[in-house]
Amino acid sequence: MILIIVKIHFWGAAQVVTGSNFLMEIGDKKILFDCGMFQGSRQLNRLNFKPFPYKPEEIDLLILSHAHIDHSGRIPSLIKAGFKGKIYSTQATFDLCSIMLPDSGHIQEMETEWDNRKRIRAGKSLRKPLYTVEEANDSLKYFSPVLYNQKIALDDNLSIRFQDAGHILGSSIVELWIQEEGKNLKIVFSGDLGRKNKPIIRDPAIIEEADYLILDSTYGHKFHPSLDNEAAKLIPIMIETRKRGGNVVIPSFAIQRAQDIIYELNKYYDQIIAVRDKSYLDIPVYVDSPLAISATEIFIRNPDCFDQNTLALIKEGYNPLDFHNLHFSRTTKESKELNTSPESKVIISANGMCTAGRIKHHLKHNLWRKESSIVFVGYQAEGTLGRRIKEGAKEVKIFGEEIRVNAQIHALEGFSAHADQAEIMQWLRNFKKRPKKIFLVHGEQEALATLSDLIQQELNMDTIVPQIGDHFLLKGTDEIIPIEEVEEKIQKEKQLFEEEAEQLRELMILVLEQVEQKTKEELSFEEISELRNKIMELRKESLELSLLLMTNKSRSNPGEEQ
Ligand SMILES: [Zn+2]
């Protein structure tokens, strides 16, 4: 007998990459997964202004996979429309949303203002922005951040766990368990599936079990070059450009990509990687994007998301998101000075596809100079200024001015944040309990069709490519799990518990050594207060853990107390 039935509706990111938004009805509970903005063509953009196809006030909670706007960008609209539930995400996703959603609100306000000026001249009625900076800020109070790997009970029957997706800081694969009268159903959302060996963050977590899987297919038809040598290629470009007397301009996404580049350059500037020609060491590198600068600060505040390599650097005393010739230009004045000073430099600026932001000024000042270099490190969508330059346009229009393209154009393709076809297939091979169905989302036609065929043929797993508006019934399993399997799971969990405790022991030893060192330094009153506060928080958490450990002991051995 089947007891659990879940109805799932695909309201976005179905046969398109953007607008991630899936609704699940489990009994009388309604759970939303992601609430992203549609991005790209005018037709897609218009979808953002349509009312939600469900009643936001009836949604109990929202689970957010990561901070990218095509997954989070309609959250302020959802709240304006009546949503009052909790938003679950990782702490880093919340931190990134706290800069990205207001930034998105700012863009909405600016675009509406621009549009309304035209509408006034045309005698049309004025429009309101999708949401404002204030409304975006207001939506942040609904967040309820959690840690990676913690299993969180939402009620008696439902629990969730966020695991690393290896895509951007805080990005998650989400596992959802539904239990009723001993029956189980597990749904896994891959979110945006990332890649192994990305700088700073951990690899995508291996998931071994799912009844149903909702899978990112963005690059289901493509293969990325390896990431290892991308920064190594950048160093000779910098040296050559300086010899010519020009600048290296890098258009970059503000979140993750800019930090990836800083992290890679750090190894060369702080000489973790030895290069014979050290002449690049005095070339200054400027990060010229307020959003990228704020994001870098958020990265530094979330070291629990870092991979082993990054943590090892920190333990050795390196800050991997800084180096001796790195500069951050926050103000417009500082940004403008980059184009008036004659010295050769590297400018990392946003946005990544050159459609808006400070990067356009840097392109205007450098594209016409044969001495300069433009280095693309990310995807350039069709119709963008970045795509035209990358594809070899001889002349482009920037701020209404015709600019000759004389600079050298380079593209380093290995920095992608999405798993490619081979990486998706490799990740799927880890499933021991194979999903009954895999829903392929976040992709365009070609990617979806190619990946769907491949999964069916090579892995013999069943796939569905839903359209926007489609819904399906997911049925719970009534198989009885053999006792050996349950015991095996408990053993595995115990092993993880031991490993985590060991990591904690090592970390505490390191921290206490650092505390001893710190007390020998001269410290301000504020610095001491901040450090004391942190220690008090840690002590409270440790006491709670200690009590929990004692409680479990008496519970499992009730006889011992007598
Ligand atoms: Zn993403």
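Worth a mention:
- Vicinal HN-Hα couplings computed from phi for segment 243-251 (Karplus, 6.51 cos²θ - 1.76 cosθ + 1.60; Hz; Gly/Pro x): 4, 7, x, x, 10, 9, 10, 10, x
- Residue range of the chain that is longest and free of chymotrypsin sites (Phe, Trp or Tyr not before Pro) which are both DSSP loop and sparsely packed (at most 10 other C-beta within 10 Å): 1-222
- Applying the Karplus relation 6.51 cos²θ - 1.76 cosθ + 1.60 with θ = phi - 60° to segment 160-177 yields 3J(HN,Hα) values of 10, 8, 9, 10, 4, 9, x, 9, 9, 3, x, 5, 9, 9, 10, 9, 10, 10 Hz, where x marks Gly and Pro.
- For segment 396-538, the calculated P(r) over all alpha carbon pairs, in 5 Å bins from 0 to the bin holding the longest distance, is 2, 6, 8, 9, 8, 8, 9, 9, 10, 10, 10, 8, 3, 1, 0 percent.
- Classified by the C-alpha gyration tensor, segment 227-415 has a prolate form. Its axis ratio a/c, with a ≥ b ≥ c, is 1.5 or above, and a/b is larger than b/c.
- Test item: Cα-centred dipole of segment 66-201, Lys/Arg +1 and Asp/Glu -1 on Cβ, debye: 500
- Formal net charge of residues neighbouring Lys84 (Cβ-Cβ distance under 14 Å; K, R +1; D, E -1): +1
- Largest first and in whole Å, the equivalent-ellipsoid semi-axes of segment 386-441 read 43, 13, 7, each the square root of five times a Cα gyration tensor eigenvalue.
- Ordering Val249, Met24, Ile262 by Cα displacement along the dipole of the chain toward the positive end leaves Val249 in first place; charges were set at the Cβ atoms of Lys, Arg (+1) and Asp, Glu (-1).
- Of the Cα atoms belonging to segment 1-101, the radius of gyration and Dmax stand at 13.7, 48 Å.
- Computed from the C-alpha gyration tensor, the three semi-axes of the ellipsoid equivalent to segment 242-297 are 22, 15, 8 Å, from longest to shortest.
- Taking the Cα centre of the chain as origin and assigning +1 to Lys and Arg Cβ atoms and -1 to Asp and Glu Cβ atoms, the resulting dipole is close to 2620 debye.
- Dipole of the chain computed with +1 at Lys/Arg Cβ and -1 at Asp/Glu Cβ about the Cα centre; of Cys35, Asn48, Leu96, farthest Cα towards the positive end is Asn48.
- Estimated dipole of segment 295-402 in Debye, rounded to 20 [Cβ of Lys and Arg +1, of Asp and Glu -1, Cα centre]: 420
- Available extension along the chain between Glu181 and Leu504 is 112.6 nm, counting 0.36 nm per residue and deducting the alpha carbon span.
- More than 21 angstrom apart: percent of Cα pairs within segment 298-370: 46
- Share of alpha-carbon pairs per 5 Å distance bin for segment 105-197, given as whole %: 3, 11, 13, 12, 11, 12, 11, 8, 7, 6, 4, 1, 0, 0
- Sites Glu395 and Arg369, calculated FRET efficiency, Cβ-Cβ separation with R0 25 Å, nearest 0.05: 0.95
- For the chain, the ratio of Cα radius of gyration to the globular rule of thumb 2.2 N^0.38 Å stands at 1.04.
- Cα-based shape type of segment 29-82, given that a ≥ b ≥ c are square roots of the gyration tensor eigenvalues and the cut on a/c is 1.5: oblate
- Shown in residue order for segment 304-319 are the 3J(HN,Hα) couplings computed by the Karplus curve 6.51 cos²θ - 1.76 cosθ + 1.60 at θ = phi - 60°: 5, 8, 6, 7, 4, 4, 5, 5, 4, 4, 4, 4, 7, x, 8, 9 Hz (x for Gly and Pro).
- The convex hull drawn around the Cα atoms of segment 460-537, when projected onto a plane and averaged over every direction, covers 12.5 nm².
- Segment 364-418: C-alpha gyration tensor shape, a/c 1.5 cut-off, then a/b vs b/c: oblate
- Selection from Ser546, His324, Leu154, by position along the positive dipole direction of the chain (Cβ): His324
- Ordering of 454-465, 95-106 by packing is 95-106, 454-465, highest average first (other Cβ atoms within 10 Å, averaged per residue).
Read the figures in this text as sums done on the coordinates, not as results from a lab. Predicted, not measured: the structure shown is a model, and the values here were computed from it. Note that we place each Cβ from the backbone using ideal geometry, even for glycine, and neighbour counts take in every protein chain shown.
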